[in-house]
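Asker: I'd like to ask some things about the structure below.
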C-alpha cells in the first residue's frame with residue numbers, strides 16, 4: 001500500500017483511501033494561474049530573486065509534509081523553464097504526466113514532487129515496525145517469561161515425581177534388601193545344617209559298625225551261650241534303627257540339596273531385582289540432581305517415546321511384591337525343612353541313645369546273669385572238687401579196708417585150713433570154734449563183697465563227679481568267654497557310641 005502511494009498522484013490517479021488530502025479550491029486557482037504564466041515562452045527580466053519561505057509557528061521540520069504542500073505535480077509549473085524541461089519545448093500527449101512517463105534529461109530522472117518526498121519521509125520515519133517490534137518484544141518477553149515459569153513448574157513437578165519415585169524405589173529396595181538378607185542368612189544356615197547332616201551321616205557309621213561288631217563278637221560265644229537273648233535282639237534292633245535313621249538322613253539330605261538349589265535360584269532372582277532397583281535408584285537420584293545448568297546434560301534425539309520393554313506402574317508394583325513374596329515362600333520352606341532336618345538329627349540321635357541304652361541294659365542284665373551263673377558254677381565246681389577229693393579218700397579208705405579184710409580173711413582161712421587138715425581123726429569135729437571160724441569167714445566174705453560194691457559205687461560216683469567237673473569247667477569257660485565278649489570287648493566297643501550332642505553338632 002505504501003509503495004503504490006509513492007508512485008501515484010492523487011489528482012491524476014485518485015484512490016479511495018480516506019486519509020488522502022483533498023486540494024482546496026484556492027490552491028487549485030493558484031495552480032491554474034502559475035501554469036498559465038509558465039505556459040508562455042521565456043521573457044527576459046521576469047526572473048525574480050528568491051523569496052524566503054516562511055513556515056508557520058509549530059510547523060513540522062522541513063523534511064516532513066508542510067500544511068501548504070501538495071502531492072500533485074501541477075504545482076511545479078511545467079513549462080519551457082523549470083524542472084520539467086531542458087530549456088526548449090518538447091511536447092507530447094503524455095508529456096509532464098507524473099506517474100506515467102517521467103521527463104528524462106542528461107542530469108536527472110524526476111518522478112515525485114517535494115510534497116511526495118516529504119510525505120515519503122514521514123512514511124519512512126513513521127515507526128510502524130518499531131511498534132510491532134516493541135509489541136512483539138513485550139509479547140515475546142512475556143511469553144518467554146511465562147514459558148520459563150511453566151517450564152520451572154514442570155521441572156519442579158518432575159522433580160517432585162522423581163523424588164516420590166525415589167522414595168518408592170528406596171522403600172522397595174529396602175524391602176528387597178531385607179528379603180535378600182533373610183534368604184542369604186537362611187541359605188547359610190541351611191548349608192550349615194546340611195554340613196551337620198552330612199556329619200551326622202558320617203557319625204552314623206560308627207554306631208552301625210559298633211552294633212555289627214558286637215553281633216559279630218557274640219557269634220564267637222561257645223555253643224551253650226549261642227542264644228537269641230534280649231541283648232541279641234536289642235543289637236539287631238539297633239542295627240535296624242541305624243538303617244532307618246540313615247534312610248531318613250539320606251532323604252532329608254536329598255530334600256536339603258533341592259532346597260538349597262531353590263534358595264540359590266530365589267537369591268539370584270532377588271539379587272537381580274535388587275541390582276535393577278539400585279541402578280534405577282542411582283539413575284533417578286542423578287536425574288533429580290540434574291538442572292538446565294548442569295554440565296552433564298546433552299541432547300538425545302528420539303528419547304521422548306515409550307521404550308519397547310517398558311511396563312506399567314501396576315505391573316511394576318505387582319512384580320516387586322511378587323518377587324519378595326516368592327522369595328519369602330522359598331525361605332519359609334527352607335526354614336521348615338531346616339527345622340525338620342534338625343528334628344531328624346536330634347530325634348535320630350535321641351533314638352540312637354535310647355536304643356543304645358536299651359542294648360546296654362540288656363547286655364548288663366545278660367552279663368549280670370552270666371556272672372551270677374559263673375559264680376554258681378564255680379561254687380559247684382569247688383564243691384565238686386571237694387566231693388571228688390572226699391570220694392577219692394573214701395575209695396582209698398575202702399581199699400585199705402579191703403586189704404585189712406583180706407588179711408583177716410587170710411587169718412581165718414589159715415585157721416580153718418589148720419583145723420580142717422591138721423587135726424587127726426575124731427578131733428576133726430564140728431565144734432563151736434569151727435562154727436565160729438566158719439561164721440567169721442562168711443562175715444569176712446560178705447563184708448569184702450559189700451566193700452567191693454561200695455568201692456565200685458565210689459568209683460562210679462567219682463567218675464560222675466569227674467564228668468560233672470569237666471562239664472562245670474567247660475561251662476565256666478563258656479561263661480567266661482561270654483563275659484569276656486559282653487563285658488569287656490562289647491563294652492569297650494560300645495563305650496565309643498556317639499551321643500545326641502555329637503549327632504547335632506555334626
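The values are calculated or read from the model by the stated rules, or taken from the named source; none is laboratory data. Only a predicted model underlies this, so the values are computations on that prediction, with no experimental measurement involved. Note: ideal-geometry Cβ built from the backbone for every residue, glycine included; neighbour counts use all protein chains shown.
Asker: So is residue 314 under 29 Å from residue 202 (Cβ atoms) and either surrounded by fewer than 11 Cβ atoms within 10 Å (Cβ to Cβ) or within 20 Å of the chain's Cα centre (by Cα) (or both) or not? If you could, list the steps in order and put the result at the bottom.
Answerer: Values: under 29 Å from residue 202 (Cβ atoms): no; either surrounded by fewer than 11 Cβ atoms within 10 Å (Cβ to Cβ) or within 20 Å of the chain's Cα centre (by Cα) (or both): yes.
For residue 314, the condition - under 29 Å from residue 202 (Cβ atoms) and either surrounded by fewer than 11 Cβ atoms within 10 Å (Cβ to Cβ) or within 20 Å of the chain's Cα centre (by Cα) (or both) - is not met.
Asker: Looking at 178, 190, 204, 169, which one is modelled with pLDDT of 90 or more and under 30 Å from residue 505 (Cβ atoms)?
Answerer: On the way: 178 fails: under 30 Å from residue 505 (Cβ atoms); 204 fails: modelled with pLDDT of 90 or more; 169 fails: under 30 Å from residue 505 (Cβ atoms).
So the residue among 178, 190, 204, 169 that is modelled with pLDDT of 90 or more and under 30 Å from residue 505 (Cβ atoms) is 190.
Asker: Ok, one more. From the list 122, 66, which residue is modelled with pLDDT of 75 or more, part of a loop (DSSP other than H, G, I, E, B), surrounded by 13 or more Cβ atoms within 10 Å (Cβ to Cβ) and out of contact with any strand residue (DSSP E or B) (no Cβ under 7 Å at 6 or more places or on another chain)?
Answerer: On the way: 122 fails: part of a loop (DSSP other than H, G, I, E, B).
Checking each option against the conditions leaves just 66.
Asker: Return only the number of the condition from (1) within 26 Å of residue 439 (Cβ to Cβ); (2) under 60 Å from the mean Cα position of the chain (by Cα) that residue 364 does not satisfy.
Answerer: (1)
Asker: Pick from the stretch 224-238 the residues that are touching a residue at least 12 places away in the same chain (Cβ under 8 Å) and surrounded by fewer than 18 Cβ atoms within 10 Å (Cβ to Cβ): which of them is farthest from residue 343 (Cα to Cα)? Explain how you work it out, then say what you get.
Answerer: Of all residues in the stretch 224-238, those touching a residue at least 12 places away in the same chain (Cβ under 8 Å) come to 224-225, 229-238.
In the following step, the residues that additionally are surrounded by fewer than 18 Cβ atoms within 10 Å (Cβ to Cβ) were identified as 224, 230, 233, 236-237.
Values: 224: 44, 230: 29, 233: 27, 236: 25, 237: 21 Å.
Looking at residues that are touching a residue at least 12 places away in the same chain (Cβ under 8 Å) and surrounded by fewer than 18 Cβ atoms within 10 Å (Cβ to Cβ), I get 224.
Asker: Give 363, 337 a once-over and let me know the one that is in contact with a helix residue (DSSP H, G or I) (Cβ under 6 Å, 6 or more places away or on another chain), surrounded by 12 or more Cβ atoms within 10 Å (Cβ to Cβ) and at pLDDT below 90.
Answerer: Numbers: 337 fails: at pLDDT below 90.
Exactly one residue qualifies, and that residue is 363.
Every residue, every condition in (1) within 30 Å of residue 200 (Cβ to Cβ); (2) part of a helix (DSSP H, G or I), yes or no:
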site: 217; (1), (2): yes, yes
site: 232; (1), (2): yes, yes
site: 235; (1), (2): yes, yes
site: 257; (1), (2): yes, yes
site: 260; (1), (2): yes, yes
site: 269; (1), (2): no, yes
site: 288; (1), (2): no, yes
site: 292; (1), (2): no, no
site: 303; (1), (2): no, no
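Asker: So, residue 241, is that one surrounded by 15 or more Cβ atoms within 10 Å (Cβ to Cβ), in the same structural domain as residue 357 (by TED's automatic domain parsing) and within 29 Å of residue 319 (Cα to Cα) or not?
Answerer: Numbers: surrounded by 15 or more Cβ atoms within 10 Å (Cβ to Cβ): yes; in the same structural domain as residue 357 (by TED's automatic domain parsing): yes; within 29 Å of residue 319 (Cα to Cα): no.
It is false that residue 241 is surrounded by 15 or more Cβ atoms within 10 Å (Cβ to Cβ), in the same structural domain as residue 357 (by TED's automatic domain parsing) and within 29 Å of residue 319 (Cα to Cα).
Asker: Which of the residues belonging to the stretch 176-195 are over 15 Å from residue 263 (Cβ atoms) and either buried (at least 17 other Cβ atoms within 10 Å of the Cβ) or in contact with a strand residue (DSSP E or B) (Cβ under 7 Å, 6 or more places away or on another chain) (or both)?
Answerer: The answer is 176, and nothing else.
Asker: Do we find that residue 384 is under 30 Å from residue 447 (Cα atoms) and either in the same structural domain as residue 190 (by TED's automatic domain parsing) or surrounded by 13 or more Cβ atoms within 10 Å (Cβ to Cβ) (or both) in this structure? Steps first, answer last, please.
Answerer: Working: under 30 Å from residue 447 (Cα atoms): yes; either in the same structural domain as residue 190 (by TED's automatic domain parsing) or surrounded by 13 or more Cβ atoms within 10 Å (Cβ to Cβ) (or both): yes.
Yes; evaluated as a whole, the condition is true for this residue.
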